[in-house]
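I have placed the structure first, in the form of structure tokens, so that the comments after it can refer back to it.
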């Protein structure tokens, strides 16, 4: 698995823990890195990008959630499945706030793959639809 893909997967796991257990970001990251340190968790690049994704997503959460809620017709962010909303948050951060260019199609594809792996049967379609709307309305490079 590619390093950035692995970082996204790790970031999703940390964001999920923060969302569901209401842990502080620093505590959640510390707990995550302390568990079962496989080769990917020991890779400095994977760790750095994971932490960047987590901290960046959380720092921009009010804006990200507002955009998602605006574009997710008939859905409130708090009513979405934990996995789905955190995949959306992570991808939206990469699409709208990351300080280096992130091709929108890459962010969407990576998010859809996460949804297929961790979400429910229709999660990938749900995630794809909302991220496509974000790409068309909120991103300059869509």
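Structure values in brief
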{"quantity": "Every residue from the range 93-107 that is farther than 21 Å from residue 80 by Cα and not in a loop (DSSP other than H, G, I, E, B)", "calculated": "104, 105, 106"}
{"quantity": "Every residue from the range 113-122 that is part of a helix (DSSP H, G or I) and surrounded by fewer than 22 Cβ atoms within 10 Å (Cβ to Cβ)", "calculated": "113, 116, 117, 118"}
{"quantity": "Residue in the range 126-142 that is modelled with pLDDT of 95 or more, part of a helix (DSSP H, G or I) and closer than 18 Å to residue 2 by Cα present", "calculated": "no"}
{"quantity": "Qualifying residue in the range 77-84 (condition: closer than 19 Å to residue 10 by Cβ, out of contact with any helix residue (DSSP H, G or I) (no Cβ under 8 Å at 6 or more places or on another chain), free of Cβ contacts under 8 Å to residues at least 12 places away in the same chain and surrounded by fewer than 24 Cβ atoms within 10 Å (Cβ to Cβ))", "calculated": "no"}
{"quantity": "Which listed residue is under 12 Å from the mean Cα position of the chain (by Cα), in contact (Cβ under 8 Å) with a residue 40 or more places away in the chain, buried (at least 16 other Cβ atoms within 10 Å of the Cβ) and over 27 Å from residue 136 (Cβ atoms), from 54, 14, 46", "calculated": "14"}
{"quantity": "Residue that is modelled with the lowest pLDDT [pool: residues in the range 1-39 that are more than 20 Å from residue 83 (Cβ to Cβ) and in a helix (DSSP H, G or I)]", "calculated": "39"}
{"quantity": "Number of the exception - residue 110 against (1) part of a helix (DSSP H, G or I); (2) over 12 Å from the mean Cα position of the chain (by Cα); (3) surrounded by 14 or more Cβ atoms within 10 Å (Cβ to Cβ)", "calculated": "(2)"}
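The values are calculated or read from the model by the stated rules, or taken from the named source; none is laboratory data. Because the structure is a prediction, the values reported are computed rather than measured. Neighbour counts run over all protein chains shown; Cβ positions are idealised from the backbone, glycine included.
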